[in-house]
Amino acid sequence: MRPAGFLGGVGPPFRMLDPGLDLAEHLLAGEVPDREIGLSQVVAALPDEDAAAVHLNDSLEILGVRPRLRRSENGWRLAIGEASADFSSELAEAVTMLAVLVAATGWQRIGRCGHHNCGRPFIDRTMGATTRSCPYHRRKTSG
Ligand SMILES: [Zn+2]
């Protein structure tokens with residue numbers, strides 16, 4: 001059973017966490033260079049949650065994350081860095097949104113693809129955290 005956090009069983013606010021969380025998934029999978037912030041070590045450390053947290057906190061420290069509220073079309077969003085975002089700001093936002101996701105739902109949404117010979121890290125966005133495959137293999141099997 002999921003602990004009752006501020007999400008109250010509604011499911012993660014993926015829309016609120018994007019586009020940062022989307023970039024975080026690509027960073028975890030090593031598809032985007034993370035500029036030595038060490039984010040890949042987060043996945044490598046799991047299922048040791050305390051070790052994963054140390055690595056995630058290290059990444060936040062390196063990036064010097066400073067969250068801000070910023071008005072958007074649909075209300076307010078959590079923003080990291082300057083409005084004219086360069087890639088450093090995007091990195092900081094990605095790692096922050098990953099940390100928010102873990103704080104809200106725990107580590108079980110950061111998984112590795114169970115498909116034969118894949119093992120690619122992915123972020124599970126299903127309501128019940130039931131996905132076992134990365135986005136590529138999910139697409140292949142469902143469509
Ligand atoms: Zn896969």
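The values are calculated or read from the model by the stated rules, or taken from the named source; none is laboratory data. Owing to the predicted nature of the structure, the values given are computational and were not obtained by experimental measurement. Every residue, glycine among them, receives a Cβ derived from its backbone with ideal geometry; neighbour counts consider all protein chains shown.
In the range 52-59, is there at least one residue being more than 15 Å from Phe14 (Cα to Cα) and not in a helix (DSSP H, G or I)? No. For the range 14-28, check the following and say yes or no: at least one residue is surrounded by fewer than 20 Cβ atoms within 10 Å (Cβ to Cβ), at pLDDT 90 or above, in a loop (DSSP other than H, G, I, E, B) and of a type outside the set (D, E, K, R). No, that holds for no residue. Taking the condition within 16 Å of the ligand (Cβ to nearest atom), small (Gly, Ala, Ser), at pLDDT 85 or above and assigned to a strand (DSSP E or B), does Gly119 pass? It is false that Gly119 is within 16 Å of the ligand (Cβ to nearest atom), small (Gly, Ala, Ser), at pLDDT 85 or above and assigned to a strand (DSSP E or B).
Could you please give the count of residues in the range 30-47 that are hydrophobic (A, V, I, L, M, F, W, C) and free of Cβ contacts under 8 Å to residues at least 24 places away in the same chain?
3
Taken over the range 100-143, the criterion of being hydrophobic (A, V, I, L, M, F, W, C) and surrounded by 20 or more Cβ atoms within 10 Å (Cβ to Cβ) is satisfied by Leu101, Ile110, Cys113, Phe122, Ile123, Cys134. So, of the residues in the range 122-143 that are without any contact (Cβ under 8 Å) to a residue 24 or more places away in the chain and not in a helix (DSSP H, G or I), which turns out to be farthest from the chain's Cα centre (by Cα)? This residue is Gly143.
From the list Ser59, Ser40, Ser88, which one is surrounded by 16 or more Cβ atoms within 10 Å (Cβ to Cβ), under 28 Å from Arg120 (Cβ atoms) and modelled with pLDDT under 90?
On the way: Ser59 fails: modelled with pLDDT under 90; Ser88 fails: surrounded by 16 or more Cβ atoms within 10 Å (Cβ to Cβ).
Being surrounded by 16 or more Cβ atoms within 10 Å (Cβ to Cβ), under 28 Å from Arg120 (Cβ atoms) and modelled with pLDDT under 90 holds for just one of Ser59, Ser40, Ser88, which is Ser40.
Before we move on, is Ile110 within 16 Å of the ligand (Cβ to nearest atom), at pLDDT 90 or above and under 17 Å from Arg15 (Cβ atoms)? No. Checking each residue in the range 90-108 for being touching a strand residue (DSSP E or B) at 6+ places or on another chain (Cβ under 6 Å) and either part of a loop (DSSP other than H, G, I, E, B) or hydroxyl-bearing (Ser, Thr, Tyr) (or both) picks out only Thr96. Would you check if Ser59 is of a type in the set (Ser, Thr, Tyr) and farther than 14 Å from Leu17 by Cβ? Criteria met by Ser59.
Residues of the range 64-84 include none that is surrounded by fewer than 18 Cβ atoms within 10 Å (Cβ to Cβ), assigned to a loop (DSSP other than H, G, I, E, B), in contact (Cβ under 8 Å) with a residue 60 or more places away in the chain and on the phi > 0 side of the Ramachandran plot.
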